[in-house]
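The values are calculated or read from the model by the stated rules, or taken from the named source; none is laboratory data. Just so you know, these numbers come straight off a predicted model, no measurement behind them. Methodologically, a virtual Cβ is constructed for each residue, glycine included, from the backbone with ideal geometry; neighbour enumeration extends over all protein chains shown. Surface accessibility is based on the protein's heavy atoms, side chains included, excluding ligands, DNA and RNA. Shrake-Rupley method; radii C 1.70, N 1.55, O 1.52, S 1.80 Å.
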Amino acid sequence: IVEAVKEGRAVWDNLRKILFVNTPINNAQGLSVLFGLICGLEDTPLTPIQVLYCNLICAVTLGFVLAVEPAEEGVMDTPPRRVGKRLIGRFLLLRIAIGTAVLVATTVGSVFIVQSLDYDLEEQRAQAFNTLTFGAISICLSARFNYLSSMHMRLFRGNKAAWFAVALCAGLQVFLNYVPGLNNVVFGMKPQDGLQWAI
């Protein structure tokens, strides 16, 4: 019975983790375009294919690996949740709102930074695309823990699928940035230079 309760709590927590990853990523895709235009950008910071890529690859890959996240230490130390408790409570809603705001602010902000350095539109879109994707990776790593801090060595243990997904997304980003034709024709961006990676 104890193992069944522990497994049930792990499933509940993992559902909430998936929501915490997918919701900010999906929100940030549209809101980055909206707030970029509201804040004065002449063109959208992301192309439609970049938004579609983030939606299909990042959100799915990074979100679903959390479904196999093992139960956290201390999961059995918390009291039982009350009957009728919503899947998205106040704390999770706050985390989603903060994650969305941070992703949108960093994505749009990075575009304004490179724009002030006289980078052209395709370079600005590369900056927004990479900032959004690597921000999504950061949210995925943060979401792995509900009760414990992710700023700990435990981040590197447990769920090997999470690190596989991170490596896959990061590798695809580098590939999309530097393969001629794919980057400028399909994704409407140019390869990033060292300064852009630093930003």
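Here Val186 clears all of (1) within 25 Å of Leu46 (Cβ to Cβ); (2) among the aliphatic types (A, V, I, L, M); (3) touching a Lys or Arg at 6+ places or on another chain (Cβ under 9 Å) except the condition numbered (3). Screening Leu66, Leu52, Leu19 for residues that are surrounded by fewer than 14 Cβ atoms within 10 Å (Cβ to Cβ), assigned to a helix (DSSP H, G or I) and within 15 Å of the chain's Cα centre (by Cα) leaves exactly one candidate, Leu52. Would you confirm whether any residue within the range 79-97 is within 30 Å of Ile1 (Cβ to Cβ), among the β-branched types (Val, Ile, Thr), at pLDDT below 80 and assigned to a loop (DSSP other than H, G, I, E, B)? For the range 79-97, residues within 30 Å of Ile1 (Cβ to Cβ), among the β-branched types (Val, Ile, Thr), at pLDDT below 80 and assigned to a loop (DSSP other than H, G, I, E, B): present.
Restricting the range 106-124 to residues that are of a type in the set (D, E, K, R) and touching a helix residue (DSSP H, G or I) at 6+ places or on another chain (Cβ under 7 Å), the residue that is surrounded by the fewest Cβ atoms within 10 Å (Cβ to Cβ) is Glu122.
Report yes if Leu103 is in contact with a Pro (Cβ under 6 Å, 6 or more places away or on another chain), open to solvent by less than 30 Å² (accessible area, probe 1.4 Å) and at negative phi, otherwise no.
Yes.
Filtering Leu148, Leu172, Leu155, Leu182 for residues that are at pLDDT 90 or above and hydrophobic (A, V, I, L, M, F, W, C) leaves a single hit, Leu172.
Residues in the range 140-199 that are open to solvent by 50 Å² or more (accessible area, probe 1.4 Å), assigned to a helix (DSSP H, G or I) and either farther than 30 Å from Leu92 by Cβ or free of Cβ contacts under 8 Å to residues at least 60 places away in the same chain (or both): 15 in all.
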